[in-house]
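Just so you know, all these numbers are worked out from the coordinates, no wet-lab data involved. Keep in mind the model is a prediction, meaning the values are calculated, not measured. Ideal geometry is used to build each Cβ from the backbone, glycine not excepted, and the neighbour counts take in all protein chains shown.
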Amino acid sequence: MKKKSPELHSKPLLFSRDDEPSSAGAETRRAIAAASGCPASALVRIPLFRLGRATTRCRSHDHIHALAVIHVYLPLSPRNLSAASSRPAARQHSTSSAAASSAENAGGFTSPYGAFGGGSAATFMTTDAASETITPGLGPSANPRFPELSPDAATAPAYPSPLPARARQSAKLAALHARLGLSQRLPLETLARALVDASADPSPRFNNSNLAYLGTTLMHYHVSEWLLVKYPRLPMVILYGALKAFAGPQALADIARQWGIEQAAAPGAEVDPGLLQYSLLADRHVVGRWGYERKEAQNVKKYKWRHGISSRVVLDDDFGDMVQRGPADASVDGDVVPADVPADYDASAATLGGSMDPATKTRLADDAHANAVRAVVGAVYAHGGRETVRSFVRAHVLSRQLHLERLFRFKLPTRELTYLCARENFEPPVARLESETGRLSRTPVFVVGIYSGADKLGDGAGASLDQARQKAAMNALKAWYLYSPGENVRVPSDTLLEGALPWEPAYIDIGEIL
């Protein structure tokens, strides 16, 4: 049923219903081919979606069928041919040939890239399908009611991300720049690039992959040296856990949301440069993870093989996790995926899609937010230098509170404490009952202290003597492992400052106990 859409245009537009026969598409193509003088086989049907003011907006996803999509039939060019071959097949809805012929007299319509002028060679149709998002150059505007956004907008191709020049007109980007307290030496164009994920724009000249790799290296360096100097006795397992808690994907995703970074519904050149852009349908690539690929990586998870500390330090990534080349990244040198991903995992656009579960969508969103934070750190170093990025990491990453004592999981605390005392030439630990109450009641409490000679190593309270002894041993081990020389400790990067004092070696622990 044809009707008028006052929100889209002042002149009648042609709508099509889902119940129309699919054979109408061929008639529409032939009619447009006759009107434009091009053969029907040389026309490509491209829908335009997310055109801001031009499209109607719905209040919820339940009314997504009410959104209008403008389909443009253009002569097939090399640019359109590549766009048509890269997009998935969509539902074809069109009107009859008579309706298509009357569309030539419709008025002009302007998109963020250009305008559809009345009587131009590009005839447009409006349908209910909304599955494609590729936009070509649209030609000059012939209607003064819809002026061009810029002189080059009429012939601009369909870029996958916003042009760098648009960063100067983004209020969201300027607000983010001010919230982070970034220097004026860091331009808005670089900050806008940091918000373009590699899944949204595959070109490394316009996405944040290079900045994210640089930021990952700098962030891990500053966090690692701070942890090693401030807590020199931390076991490697706890050190890996602390590094992931400060600079892991989930932690960085939380930082990005605290910064106020908002994500776009889908990437595209018409998106505000101040929004984070990533795609759920594009192939996923890991940024900045390096390690040795092991042949036995699958068996470690499958058969519960022992994953030792030495191999984690030498062979695995910065977080001590095994890396393994997956099917989706087999053709990308240097890209790896975690070893806990199933062997039949395929992250291609054909596999992911509408059936993606919410957990996977959340994980991909967290990865995109984390890469944005890494890219911002890399941009700060690129434009501000070594001291600026050091202060930035301390202000935004190391300032977060982390309870290291909650990362410990002891299996045999009394045995480990005995080995520790023997290694340090202490007297063997002895458990002594210090106080008790309600031994014969339903809720007894015992307080046990662990002593090495005359020195008290720790104490603990429990509902039984054995439980109190175990807690006392755990507290003694935590007191040893969480030793710190102070709050304002010097790190090796402090000596890189101009006029800095010579480096004084920090205390380094002998190593693991067990």
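Within the shell defined by Cβ-Cβ distances under 11 Å, the residues around TYR451 carry a net charge of -2, with Lys and Arg each +1 and Asp and Glu each -1.
Quick one: if the Förster radius is 25 Å, what FRET efficiency do ASP466 and GLU405 give, using the C-beta to C-beta distance and rounding to 0.05?
On the way: r = 22 Å, r/R0 = 0.86.
Working from the Cβ atoms, E equals 0.70.
Tell me, LEU497, LEU173, LEU191 in order of fewest to most beta-carbon neighbours within 10 Å? Write down the numbers at each step before the final one.
Values: LEU497 11, LEU173 22, LEU191 25.
Going from sparsest to densest Cβ surroundings: LEU497, LEU173, LEU191.
For a modelled paramagnetic label at VAL445, 7 Å from Cα along Cα-to-Cβ, the residues of segment 461-496 in reach, with backbone nitrogen under 19 Å, are 461-473, 475.
What FRET efficiency do you get for ASN425 and ALA266 if R0 is 60 Å and r is their Cβ-Cβ distance, rounded to the nearest 0.05?
On the way: r = 65 Å, r/R0 = 1.08.
So, using R0 = 60 Å, E works out to roughly 0.40.
With just the Cα atoms defining each centre, how far is segment 349-418 from segment 156-201? Give it in Å. The distance from the Cα centre of segment 349-418 to that of segment 156-201 comes to 22 Å. Determine the shape class of segment 408-483: with a ≥ b ≥ c the square roots of the Cα gyration tensor eigenvalues, call it rounded for a/c under 1.5, and otherwise prolate if a/b is greater than b/c, oblate otherwise. Here segment 408-483 falls in the prolate category. Sparsely packed loop sites in segment 219-300 (the trypsin sites (Lys or Arg not before Pro) outside DSSP H, G, I, E and B with at most 10 other Cβ atoms within 10 Å) comprise LYS295.
By the beta-carbon count within 10 Å of each Cβ, the least crowded to most crowded order of SER203, SER279, fewest first, is SER203, SER279.
Once you list every other residue whose beta carbon is under 15 Å from the beta carbon of VAL229, what net charge do they have if Lys and Arg are +1 and Asp and Glu are -1?
Values: positive: LYS230, ARG233, ARG390, ARG394, ARG490; negative: GLU225, GLU487, ASP494, GLU504, ASP509.
Once all neighbours under 15 Å are counted, the net charge is 0.
Using the 10 angstrom Cβ neighbour count as an exposure proxy, how do HIS403, HIS307 rank, fewest first? Display every interim value, and only then the final one.
Values: HIS403 7, HIS307 15.
Listing HIS403, HIS307 from fewest to most nearby Cβ atoms yields HIS403, HIS307.
Length gain on complete extension for the stretch ALA178 to ARG257, per 0.36 nm per residue less the alpha carbon to alpha carbon distance? Walk me through the intermediate numbers first.
Working: separation 79, 0.36 × 79 = 28.44 nm, distance 1.56 nm.
Going from the current span to full extension adds 26.9 nm.
Given +1 at the Cβ of Lys and Arg, -1 at the Cβ of Asp and Glu and no other charges, the dipole of segment 414-472 around its Cα centre is 220 debye to the nearest 20. Extension gain, ARG415-GLU504: 0.36 nm per intervening residue step, less the Cα-Cα distance, totals 28.5 nm. With each label modelled as a point 7 angstrom along the Cα→C-beta vector, the LEU163-THR362 pair spans 4.0 nm.
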